[in-house]
Amino acid sequence: MSEFENRVLKEIERRALVPRPKMYFLTRRSAFLALAAASIAFASLSSALAFFALEEFSEVAKRGDTDMPVAEIIGTLLAVWLISLTLLILATVYGIRRTRRGYRYRFAGVIGASMAASVGLGALLHVTTVSERVNRYLTAHVPAYAKYAYLPYKGWNRPNNGYLGGAVLSVDNDHSLRLKDFSGREWTVDITVATIDTKDPLNDEDDVAIRGKKTAASEFKADSVESFD
């Protein structure tokens, strides 16, 4: 045994060092993987919701609805994304530096790969409608989220379910009206038996909410017509 090996053994005895069990390293590795998986999941969901918000609120911007805090909502989602992305980067760097070849990976490369992964997965989640389903769940179960993210246009753009909303284009006495719904489609609405409860006369009303029944491809029979709030 060489002199160096003897010194190493004596130092181990002096410090009373004992080898760590295999379970320690497995647990640490599992914790890292769990943190990395959770971080990329949150980062991807946040970017997916940001994509969804940008798409959905573009309709609000087109309609000139200044009451919707679009910038605040998107800003909050981006903040959540940045926090999740930071956790992802820290977890990735922590794990990579403890591998044999971790020194080969540059910090800038890790950041770029993490951002690309979160945005890419977020885009995939959005394209596959996961972001819409997550938004629907959060709107239904998280009041703070629903308060700012709920879009009333969606609820009144379901003619097959008896809900139709949009801008009044013209009115034919008390018989019918022409309506452009929130998706830009035009309808002829029968209002002969409908209860009218609007703030202004229908000719002067901007948007209305109509309950009733779809009777044809572009025709709707109203049971009630109210001002859209």
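The heavy atoms of W156 offer some 40 square angstrom of accessible surface to a 1.4 angstrom probe. Residues whose amide H comes within less than 5 Å of that of G162, counting only those at least five positions distant or on another chain, are K214 (H built at 1.01 Å from N in the peptide plane). With a ≥ b ≥ c taken as the square roots of the eigenvalues of the C-alpha gyration tensor of the stretch 186-229, please select rounded if a/c is under 1.5 and otherwise prolate if a/b is larger than b/c or oblate if it is not? Verdict is prolate for the stretch 186-229.
Rounded to whole numbers, the Karplus 3J(HN,Hα) couplings from phi for the stretch 166-177 are x, 8, 6, 8, 7, 10, 9, 6, 10, 9, 7, 9 Hz, using 6.51 cos²θ - 1.76 cosθ + 1.60 with θ = phi - 60°, and x at Gly and Pro. Per-residue Karplus couplings for the stretch 197-213, computed as 6.51 cos²θ - 1.76 cosθ + 1.60 with θ equal to phi - 60°, are listed in order as 9, 10, 5, 10, x, 3, 5, 9, 6, 7, 10, 10, 10, 10, 9, x, 8 Hz, Gly and Pro entered as x. Taking all protein chains as shown and a probe of 1.4 angstrom, K10 keeps an accessible surface of around 140 Å². Solvent exposure of the stretch 103-226, expressed per residue, is 61 Å² of accessible area, with all protein chains present and a 1.4 angstrom probe. For the set F107, F4, F51, the ranking by accessible area, highest first and with no ligand, DNA or RNA atoms included, is F4, F107, F51 under a 1.4 Å probe. Might you work out the accessible area of H141 for me, using a 1.4 Å probe with all protein chains in place, and round it to the nearest 10 Å²? Accessible area, nearest 10 Å²: 120 Å².
In sequence order, the stretch 119-133 has phi-based couplings of 5, x, 5, x, 5, 5, 5, 6, 5, 8, 6, 5, 4, 5, 5 Hz under the Karplus curve 6.51 cos²θ - 1.76 cosθ + 1.60, θ = phi - 60°, and Gly or Pro positions carry x.
The values are calculated or read from the model by the stated rules, or taken from the named source; none is laboratory data. None of these values were measured; they are calculated from a predicted model. Protein only, heavy atoms only, side chains kept; ligands, DNA and RNA dropped before computing areas. Shrake-Rupley method; radii C 1.70, N 1.55, O 1.52, S 1.80 Å.
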